[in-house]
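J.: Next up is a structure, given as structure tokens.
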Amino acid sequence: MAGKESRLIELLAPTIESLGFELWGLELLSPNRRATLRLFIERDEGVSVDDCAKVSRHVSAVLDVEDPINGEYTLEVSSPGIDRLLFKPEQYALYVGEPIEVRLRLPFDGRRKFRGWLMGLENDDVIVRVDDHDYLLPLTAVDRARVEPRLSYGKAESTSSDSDEASEHSD
């Protein structure tokens, strides 16, 4: 993680934690001249729009005082979502066995994008299985890693009372 992002984490994490949330991660993007600071917050009970607004107000006050970003910027606060980005090694461990897409800063084995299954961490490497081949990708080379959601389609399993109720209403 770059120095500016690390500094922002040090600056903002205590405020976010004091509100009862975890700072899952952050992105500092500057595709044009105006930067975007994107914060991802998490907690066991989930995150609502009101929670994001509350964190945004508190974080904005800290940023106004500390002024760590040069020039104008946009602040965005959201939950990590179901297709969440992974920022820290301990986050990878939570999603072993899940589909993942990893984009590297520089090519490894002739490619920058790996889409497969997260098999784990080994030392400072992420293990991604792509087409029955395990790649050990250095964590320091990862530009972006995103867990891909697995959605189930079709009829959900129901309890007997649900099916009884459904048959009563189908007439």
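The values are calculated or read from the model by the stated rules, or taken from the named source; none is laboratory data. All values derive from a computational prediction rather than experimental measurement. Ideal geometry is used to build each Cβ from the backbone, glycine not excepted, and the neighbour counts take in all protein chains shown. Accessible surface areas use protein heavy atoms only, side chains included; no ligands, DNA or RNA. Shrake-Rupley method; radii C 1.70, N 1.55, O 1.52, S 1.80 Å.
J.: Could you look at the chain and say what percent of its accessible area is carbon and sulfur, using a 1.4 Å probe and all protein chains?
T.: The value for the chain is 46 percent carbon and sulfur by accessible area.
J.: Among the helices of the chain (complete DSSP H runs), which have Cα atoms covering no less than 18 Å along the helix axis and a Kyte-Doolittle mean of at least -0.5?
T.: Qualifying helices, which must be both long enough and hydrophobic enough, are 3-18, 49-66.
J.: Just the C-alpha atoms of the chain: what Rg/Rh do they give, with Rh taken as the Kirkwood radius?
T.: With Rh from the inverse mean 1/r over Cα pairs, Rg/Rh is 1.09.
J.: Can you count the Lys pairs in the chain whose Cα atoms are under 26 Å apart, with each pair 8 or more apart or on different chains?
T.: Lysine pairs meeting both conditions in the chain amount to 5.
J.: What are the ³J(HN,Hα) couplings of the range 21-28, residue after residue, when phi is run through the Karplus curve with 6.51, -1.76, 1.60 and θ = phi - 60°? Round to Hz, x for glycine and proline.
T.: Once rounded to whole Hz, the list reads 10, 9, 7, 5, x, 8, 10, 10.
J.: Which order do the peptides 34-41, 108-115 take when ranked by the mean count of other beta-carbon atoms within 10 Å per residue, highest first?
T.: The packing order, highest mean first, is 34-41, 108-115.
J.: Taking the Cα centre as origin and putting +1 on Lys and Arg beta-carbons and -1 on Asp and Glu beta-carbons, what dipole magnitude results for the chain, to the nearest 20 debye?
T.: Dipole about the Cα centre, nearest 20: 1140 debye.
J.: If you don't mind, there's one more thing I want to ask. What length, rounded to one decimal in nm, is gained on full extension from Asp134 through to Glu22, with 0.36 nm per residue of separation minus their alpha-carbon distance?
T.: The Asp134-Glu22 span can extend by a further 37.2 nm.
J.: If each DSSP helix of 4+ residues adds -39,500 (n - 2.57) and the sum is divided by the residues in the chain, what number results at 222 nm, nearest 500 deg cm²/dmol?
T.: -9000 deg cm²/dmol
J.: Provide the per-residue ³J(HN,Hα) series for the range 109-119, in order, calculated from phi with Karplus coefficients 6.51, -1.76, 1.60 and θ = phi - 60°, each as a whole number of Hz, with x at glycine and proline positions.
T.: My calculation for the range 109-119 gives 6, x, 8, 10, 10, 10, 10, x, 10, 6, 9 Hz in order.
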